[in-house]
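Here the structure comes first, spelled out in structure tokens, and everything after it is commentary.
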Amino acid sequence: MSTQSSETVTVRLASETKARLEQLARHTRRSKSFLAGEAIADYVERELAILEGIKRGLADMEAGRVTPHDQAMRRLRATVEKAGKA
């Protein structure tokens, strides 16, 4: 997590998850808050990247920039076959 200002968020966790977070915090000598903040930041970035990819894919589809399924599968099979021979 960066040194930017931070805000407090309350999160409910399953008891087992909380216990495992406490264990990780002890082993890494980090606070539970730090670890939770890092995990949430990573999750948010990953999910936003996925959403952006979906948006780009939909835009490509609407613009007609697509490859028919059969053609894509032929290319995929050829690539896999080529990799198997390497």
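Bear in mind that the values in this text are calculations on the coordinates, not laboratory data. Just so it is clear, the model here is predicted, and its values are computed rather than measured. Cβ: placed from backbone, ideal geometry, glycine included. Neighbour counts: every protein chain shown.
For the pair THR67 and ASP42, a Förster radius of 35 Å applied to the C-beta separation gives a FRET efficiency near 0.65, rounded to the nearest 0.05. Taking only the C-alpha atoms of the chain, Rg followed by Dmax gives 21.6, 54 Å. A dipole drawn for region 15-85 from +1 and -1 charges on Cβ atoms has a positive end, and of ALA72, GLY84, PHE34 the residue lying farthest that way is GLY84. The angle separating the long axis of helix 15-28 from the principal Cα axis of greatest extent in the chain is about 80 degrees. For the chain, the longest principal axis of the alpha carbon atoms and the long axis of helix 69-85 meet at an angle near 80°.
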